[in-house]
1. Given the protein chains as shown and a 1.4 Å probe, how many square angstrom of Tyr47 are accessible, to the nearest 10?
2. Mean-square fluctuation check for the chain, GNM, Cα pairs under 10 Å: which of Leu12, Leu39, Leu30 is largest?
3. In the full protein assembly as shown, how much of Val4 is accessible to a 1.4 Å probe, in Å² to the nearest 10?
4. Of all accessible surface on the chain at a 1.4 Å probe, what whole percent is carbon and sulfur?
5. Going by accessible area, probe 1.4 Å, with all protein chains left in place, what is the ranking of Glu61, Glu46, largest first?
6. Sorted by accessible area (1.4 Å probe), largest first, how do Ile23, Ile65, Ile59 line up?
7. Which length gain, in nm to one decimal place, applies between Lys69 and Asn27 when the Cα-Cα distance is subtracted from 0.36 nm times their residue separation?
8. At 1.4 Å probe size, with every protein chain present, just tell me what the per residue accessible area of the chain comes to in Å².
Amino acid sequence: GSFVGIFDPDKLHQHYTPHTSLIEDENGPLRIKVESITLDDTASNEYHCALITDSDGGISELLKIQIYKTK
């Protein structure tokens with residue numbers, strides 16, 4: 001599966017571990033390889049993103065996901 005995360009590049013030299021989330025649907029982890037992600041839209045507590053998958057010779061997919069900020 002693939003993971004998505006947000007990190008602060010200024011903290012990478014301080015043994016910083018960014019928060020990541022496994023890409024899942026209602027059936028569990030998706031067995032995909034995400035090659036590219038782009039930010040589509042933002043709201044006050046969420047990001048809307050588009051992802052492209054690569055199956056190495058099979059069919060690639062366009063996925064739309066939402067990432068919710070939590071504290």
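The values are calculated or read from the model by the stated rules, or taken from the named source; none is laboratory data. Note that the coordinates shown come from a computational prediction; the quantities given were computed from them, not determined experimentally. Every residue, glycine among them, receives a Cβ derived from its backbone with ideal geometry; neighbour counts consider all protein chains shown. Ligands, DNA and RNA are excluded from the accessible area calculation, which covers all protein heavy atoms including side chains. Shrake-Rupley method; radii C 1.70, N 1.55, O 1.52, S 1.80 Å.
1. My reading of the accessible area for Tyr47 is about 60 Å².
2. Per the Cα network of the chain with a 10 Å cutoff, Leu12 tops the list.
3. 30
4. On the chain, the fraction of accessible area on carbon and sulfur atoms equals 50 percent.
5. Solvent-accessible surface, decreasing: Glu61, Glu46.
6. Ile59, Ile65, Ile23
7. This chain segment gains 12.9 nm when fully extended.
8. 81
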